[in-house]
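One structure follows; several queries about it will come next.
Derivation of every value follows stated rules applied to the coordinates shown; laboratory data play no part. Worth saying up front: this structure is predicted, and the values here are computed from it rather than measured. Cβ: placed from backbone, ideal geometry, glycine included. Neighbour counts: every protein chain shown.
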């Protein structure tokens, strides 16, 4: 299709008499100059179909603000039905805000006449001419530069007054109501003028001025923090919104947050690598001089429609990167230390929920796995709501030294027992670098994330294991009911697993059978108080007494069998038997 065949081009050809200045810019006598007291000048219309500003017009005399085809029709008194792309359903009567009777229009005109030659020279050095300052009605009150915030009705009720070269020194003049959202958008009227087209959204009025000098439409917020409260609905009728921010991390994050709410029409202009911290568009205009337009053009061309998704290339690269990690030593260390269990699960990955009857030895089992992984230099966070930190350490020392807890408390002067004790103490001290036991009953998902970040930083590890002892004793202060609270925690575990590469070992209680016992055949439905375990758990395991196992009368311990009852990747079935290693607070693994 040639330009002459295009509906928007034909619309302008029908209402303007002119010619092409080059292949894509159409020039004609401005039809609006005479009516606004200007000597007749030229109007240019950009008709490059590949441009974001296709269909944008502006008068070189600046007799009227530029805009897109709908704004041209409005200025010309042309029915919207003649505008290309007109859809009747879009003509919805909207309620306009109730504006005050009083305004500060006269003061704004007075301030505009007070701009000093030195201020004008300063703006000119940054590529902004006096004509642009007048077009935007920027003035001076004797100490502060005055930026008028005109509203949709054409009146100004508030202005932001900024001390020259000291942007942190400012105040609002006029009606304070108009210093906050949704009114605190500089040059707000350009949004309507750009309906169906594109405009720039800038951080800081001073950064919009050089863009306006180039002829681009734009609006501005006074500070990046204003983006958080800016309504995306304001830009609902636009096709593209370029976000122009200062080169600081906080501005970039604010822009991303707003872009995620605005959607695909948002395009963030990123600064080239090596740009100075805090660099801004006004500074770029000052430094680049006549090359400013070319610099902006490059940033625009390099921009991409905002997406919350990684690019296909990045996604594939991350897949290969993670695949390589899973072949590395650190990933392979994510194992329980029990050969048969690791063979069944392929190591400790994802969310592993382990259920069992009370006093069957679930904590003993988990403490051993957690401490063995810590000894293997895997960072472990053990959230304990059952035993207490001191008891966990004491039982670990008993297992490592092969001394009962009673023997540990006895005095040791010399001999083989002291050597075992001292050696175990040395091992225990080593594992403390990778093991943290938390007894805080006010833990929240946000706090858990912080704990994970801390231990990853302290150990220099990419992976973390979190043990929950137990699921039913997690705090539910934020949740209305226990069951819904458990399910909410499980959903948080899923999120943490995926975002932070965390593996979970979660102890759960079981539901009593019809006879009040826990002797049911292991299956997914016997976990207590949560229907979400079957959806959240990557592996669901149940610890039950081994068949034919009787409690030893002398030791009150017996052998337990571990069953994998459900898994995303592995076949269910019995794993192994785990007789309690009495009196050393550990378990041993035996094949069935």
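Can you compute the modelled spin-label distance between residue 417 and residue 233, with each label point 7 Å from Cα toward Cβ, in nm?
Taking the simple label geometry, residue 417 and residue 233 are separated by 7.8 nm.
Return the FRET efficiency for the residue pair residue 430, residue 17: r is the Cβ-Cβ distance, R0 is 51 Å, and the value is rounded to the nearest 0.05.
With R0 = 51 Å, the Cβ-Cβ based efficiency is 0.05.
Per residue, how big is the convex hull around the C-alpha atoms of segment 304-381? Give it to me in cubic angstrom, could you?
In segment 304-381, the Cα convex hull volume per residue is 149 Å³.
Rounded to a whole number, what is D in µm²/s for the chain from Stokes-Einstein with the Kirkwood radius over alpha-carbon pairs (20 °C, 1.002 mPa s)?
Here the translational diffusion coefficient equals 72 µm²/s.
While we're on this one: Any idea what the relative contact order of segment 3-90 is, in percent, if you count C-alpha pairs under 8 Å spaced at least 6 apart?
The value is 20 percent.
Which whole-number percent is the relative contact order of the chain (Cα, under 8 Å, 6+ apart)?
For the chain, the relative contact order is 9 percent.
Could you compute how fast segment 362-412 diffuses translationally, taking Rh as the Kirkwood radius over C-alpha pairs and applying Stokes-Einstein at 25 °C with viscosity 0.890 mPa s? Give it in µm² per second.
209
Could I ask something else about it? For segment 138-220, report the translational diffusion coefficient in µm²/s to the nearest whole number, using Stokes-Einstein at 25 °C, 0.890 mPa s, and a Kirkwood Rh over Cα pairs.
Estimated diffusion coefficient is 185 µm²/s.
Helix-derived [θ] at 222 nm for the chain: sum -39500 (n - 2.57) over DSSP H runs of at least 4, divide by residue count, nearest 500?
That comes out to -9500 deg cm²/dmol.
Over every pair of different alpha-carbon atoms in segment 329-579, take the mean of 1/r and invert it; report that Kirkwood radius in Å.
So the Kirkwood estimate lands at 19.0 Å.
Still on this model: log₁₀ I(q)/I(0) of segment 320-440 at q = 0.17 Å⁻¹, via Debye over equal Cα point scatterers, no solvent, to two decimals?
-0.96
If the chain between residue 386 and residue 520 were fully stretched, how many nm would it gain, using 0.36 nm times the residue separation less the Cα-Cα distance?
Result: 45.8 nm gained on full extension.
Starting from the exponent 0.38 and prefactor 2.2 Å, build the expected Rg for segment 260-352 from its residue count and divide its actual Cα Rg by it.
Working it through for segment 260-352, the quotient is 1.88.
On a 0 to 90 degree scale, rounded to 10, what angle separates helix 249-262 from the longest Cα axis of the chain?
80
Continuing with this model, one more query. Hey, what's the per residue convex hull volume over the C-alpha atoms of segment 109-264, in cubic angstrom?
111
Given a Förster distance of 41 angstrom, what is the FRET efficiency for residue 175 paired with residue 441, based on the Cβ-Cβ distance and rounded to 0.05?
With a Förster radius of 41 Å, E is 0.20.
Something else now. Return the whole-Å distance between the Cα centroid of segment 170-249 and the Cα centroid of segment 576-592.
Centre-to-centre distance over Cα atoms comes out at 68 Å.
Let me ask you something else. Would you please calculate the Kirkwood hydrodynamic radius of segment 3-90 over all C-alpha pairs and express it in Å, rounded to one decimal?
On the way: mean 1/r = 0.0752 Å⁻¹.
Answer for segment 3-90: a Kirkwood hydrodynamic radius of 13.3 Å.
Separate question: Within segment 114-143, what residues put their amide N at less than 15 Å from the label point 7 Å along the Cα-to-Cβ vector of residue 105?
It comes to 137, nothing else.
Related question: Quote to one decimal, in nm, the extra length available between residue 276 and residue 315 on full extension: 0.36 nm per residue of separation minus the C-alpha distance between them.
In short, 11.1 nm is gained.
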